[in-house]
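Derivation of every value follows stated rules applied to the coordinates shown; laboratory data play no part. Worth saying up front: this structure is predicted, and the values here are computed from it rather than measured. Note that each Cβ is placed from the backbone with ideal geometry, even for glycine, and that neighbours are counted across all protein chains shown.
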Amino acid sequence: MPKKSYDFAAALDLGSNSFHMIVARLQNGQPVIIDRIREMVRLAEGTDHDGAIQVSAQKRALDCLKRLGQRLAGFPAGSVRVVGTNTLRNAVNAGPFLAEAERVLGHPIDIISGVEEARLIYIGVAHSLAGNEQQRLVMDIGGSSTEIIVGTGHEPRYMESMEMGCVTLTQHYFPDGNITSRRIEKARIFAHTELKPHISTFRRLGWQEAIGTSGTIRAVKKVVTAAGWTGGKITSESLRRLLAVLAERQQIANIELEGLSAERAPVFIGGLIILLASFEALDIQSMAVSDGALREGLLYDLMGRIQDEDTRGRSIAHLAQRYHADVAQAQRVTQSTLHALKQVSANWGLDPDEAGHWLSWAAQLHEIGLDIAHSRYHHHGAYIIENCDLAGFSQQEQRLLAALVRSHRRKLPLKSYKDLPKRAANLLPKLAVLLRLGVILNRGHGPQAPCNFVLQVNDKRIKLKFPSGCLKEQPLTRADLELEAEYLYAAGFALEVA
C-alpha cells in the first residue's frame, strides 16, 4: 500500500486510572513530541460490582475526552491512535460508552488485549532508552492491570498481563481507607498469587536490567529518592521502608509524602504492594524508571503504519505460516480480490488503502482453518483469528478480520455483524462480497489464471462480466457463481453474471 503523509500524529491511552495523550510533529520520519496532556479519570474506581462503569466515571471520562477532542480537531483519520485498556476490556457496558466516547472525541477507539498492551508498553520504553542489546525486564502498573515484559532491543520476547492494578488492589483490600498490617499482608499474598504462574518463565529468560514505567512506579521513585533511601534507582529495601511508613499512617487520607501528588495518594498503597511483591517474586535487585510508556509505544506503532511498516502485516504472515496456509493460493485470491476492489471502491465508497489491507489479510488467512478440519473450516479459521494474540491488532480489528474470514464461503452470517462496531458492520458485507468472488474465481488452486473480469456495482446490484466463452471453458466456476447468486440474494445483494 502507498505510504501516507502527515505533518502531525497523536496517541491517546485511555487507562484504567489516567488518560494520557501525546502529540508529535513528524520530521524526517521521526516524531518530535510537542504536547502532553494527562488527566486522572479513574475509570476502574468508578466500576461497580456488576462490572459496569458508573455514570459518574463515564461523565469524568467524557468531559476529559471533550477537552482532548478539541486538541485533536483537524487531525485527519489515520494520524491519531486511541486505545482503551483493562477497564474498557472488561466493562459490561463498554459498548454504549465507547460509541459516545468516539462521538465526543472525533476518532475511533480501539480496545487492546493485555498482551498487546504489554507489547506497546515495551516499545515505548525501548524507544526512550539509549540503544543497547541488553535483555531487559519492563514493568508497568496500571489502574487495574500490571504488565511485565522481557525483551531485547526494540523486540519483546515474552509478555504477561495480570488482573491487578493500583486502583483495584486499593479498592479491594482498603475499601474504607483503613491501613492495617493484616490487610497489607492479604494484599501481598494476592499479588504473589497472581505472579506465581509466571515466575519460572521470567527467571529462565533472565535480564540484565529492570525498567519500570507508569505513574505508580514513577511516584515511588520520587518518594524514595526524596526520602534519601536510594541513589536514583528503586530497591527492595526502599520499598519495604516506604510500605512501613504507609502502615504507620493507618489511614489512606493521612498519606502525605514528599514527591507524592495528592491525586496519586488515594491509590498509592495498592501500586506499592504490587511493586514490592514483584521485586520479591522475581528477585529484582533494583529498577530504573523510564519516561516512555504505552502512549509512546502507540505513537511509534502508529508511525510504522504511516510509513508502511505495519506490525499487523507481520502478524498475519506469522499466523498464516503457523497454520500452514497455501501461500500461492492466498496470493492468487489476493490478486483477484484487489482487482475487484479497484473497480468498485469509488461506487461503494471504500477507502482503497483501508479496504485493501483487510482484503489482503483475509485472503492470506482464509484457509487456515483447514489445519484443523475441512468441515466448517471457515468457522475454525474465524475462531483462531478472534482468539489468538495478533500483535498490532485491537480486539475490534480481530473481530472484524475473523468475521470476514468466516464470511468467505457459504451463507453470510449477517446476524453476527450486528455485534461489531457500527462502522465495521457497515463495511463488512461489501468486503465479504469481494473476498468471496476472489475465492470462487480461484477455486482450482492451480497456476491457471482465472478468467479476466469486469465488476460493476450500483448499491447492492452487482454485475460480473467475463470475456465471451470464458465460462463455457470453466463450468465449475459458472456453477459456483450460480450458487453464489443465491447466497448473495439471501444477504440482500443481486448478482448478475454475463
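Averaging the sequence gap over all C-alpha pairs within less than 8 Å and six or more residues apart, then dividing by the number of residues, gives the chain a relative contact order of 13 percent. Once backbone amide H atoms are built at 1.01 Å from N, residue 8 has 26 as its partners under 5 Å, excluding neighbours fewer than 5 places away on the same chain.
Cα centroids of the stretch 389-413 and the stretch 146-162: 26 Å apart.
In the frame of its principal axes, the stretch 130-289 has Cα extents of 44, 32, 23 Å, reported largest first. Which listed residue (47, 72, 28) has the Cα farthest towards the positive end of the charge dipole for the stretch 27-85, taking +1 on Lys and Arg C-beta and -1 on Asp and Glu C-beta about the Cα centre? Among 47, 72, 28, the one farthest towards the positive end of the dipole of the stretch 27-85 is 28. Cα centroids of the stretch 214-264 and the stretch 187-203: 22 Å apart.
Within the chain, antiparallel bridges make up roughly 70 percent of the DSSP beta bridges whose residues both belong there. Here residue 383 and residue 157 are evaluated by their C-beta separation; at R0 = 22 Å the FRET efficiency comes out at 0.25. Positive contributions from Lys and Arg (+1) and negative ones from Asp and Glu (-1), summed over other residues with Cβ under 15 Å from the Cβ of residue 178, come out at +1.
When the helices in the chain are scored as -39500 (n - 2.57) per DSSP H run of 4 or longer and the sum is shared across all residues, what 222 nm value do you end up with, to the nearest 500 deg cm²/dmol?
Values: 18 runs with 246 residues, N = 498.
Helix-only estimate at 222 nm: -16000 deg cm²/dmol.
In plain terms, the bigger the Kirkwood radius, the slower the diffusion; for the stretch 373-429, with that radius from Cα pairs, at 4 °C and 1.567 mPa s, Stokes-Einstein puts D at 112 µm²/s.
In a fully extended conformation the segment linking residue 482 and residue 25 would gain 159.2 nm over its present Cα-Cα distance, using 0.36 nm per residue.
In this simple spin-label model, placing a label point 7 Å from the Cα along the Cα-to-Cβ direction at both residue 327 and residue 99 gives a separation of 4.4 nm. Once the Cα atoms are used to define both axes, helix 236-249 deviates from the longest principal axis of the chain by about 70 degrees.
Dividing the radius of gyration of the alpha carbons in the chain by their Kirkwood radius gives 1.04 for Rg/Rh.
Compared with the dominant Cα axis of the chain, that is its longest principal axis, helix 327-348 is turned about 80°. With neighbours defined as other Cβ atoms within 10 Å of a residue's Cβ, the residues 306, 53 order from fewest to most as 306, 53.
Database note for the chain: Cys without another Cys beta carbon under 4.7 angstrom, 64, 166, 388.
Here the mean projected area of the convex hull built on the C-alpha positions of the stretch 258-338 is 10.4 nm². Per residue, the average separation of C-alpha pairs within less than 8 Å and at least 6 apart gives the stretch 130-289 a relative contact order of 30 percent. A Förster radius of 25 Å, combined with the Cβ-Cβ distance separating residue 33 from residue 314, puts the computed FRET efficiency at roughly 0.45.
Model label points for residue 445 and residue 240, set 7 angstrom from Cα along the Cα-to-Cβ axis, are 6.4 nm apart.
When Lys and Arg each count +1 and Asp and Glu each count -1, what net charge do the other residues less than 14 Å away from residue 325, Cβ to Cβ, add up to?
On the way: positive: 322, 332; negative: 326, 367, 371.
The answer is -1.
For the stretch 377-481, the alpha-carbon radius of gyration amounts to 1.23 times the rule-of-thumb value 2.2 N^0.38 Å expected for a compact globular protein. Taking amide H positions as modeled 1.01 Å from N, with prolines and chain starts lacking one, the residues under 5 Å from residue 113 and 5 or more places away or on another chain are 395. Across the stretch 192-201, rounded Karplus estimates of 3J(HN,Hα) from the backbone phi angles (6.51 cos²θ - 1.76 cosθ + 1.60, θ = phi - 60°) give 4, 5, 5, 7, 3, x, 10, 4, 4, 5 Hz, Gly and Pro being marked x.
The C-alpha atoms of the chain define a longest principal axis, and helix 94-105 lies at about 90 degrees to it.
Past the 17 angstrom mark, what percentage of all C-alpha to C-alpha distances in the stretch 101-177 do you count?
Values: 1621 of 2926 pairs.
When every Cα pair of the stretch 101-177 is considered, 55 percent fall beyond 17 Å.
Taking all Cα pairs closer than 8 Å and separated by 6 or more residues, the relative contact order of the stretch 1-128 comes to 24 percent. Counting every pair of alpha carbons in the stretch 310-449, the share spaced more than 23 Å apart comes to 26 percent.
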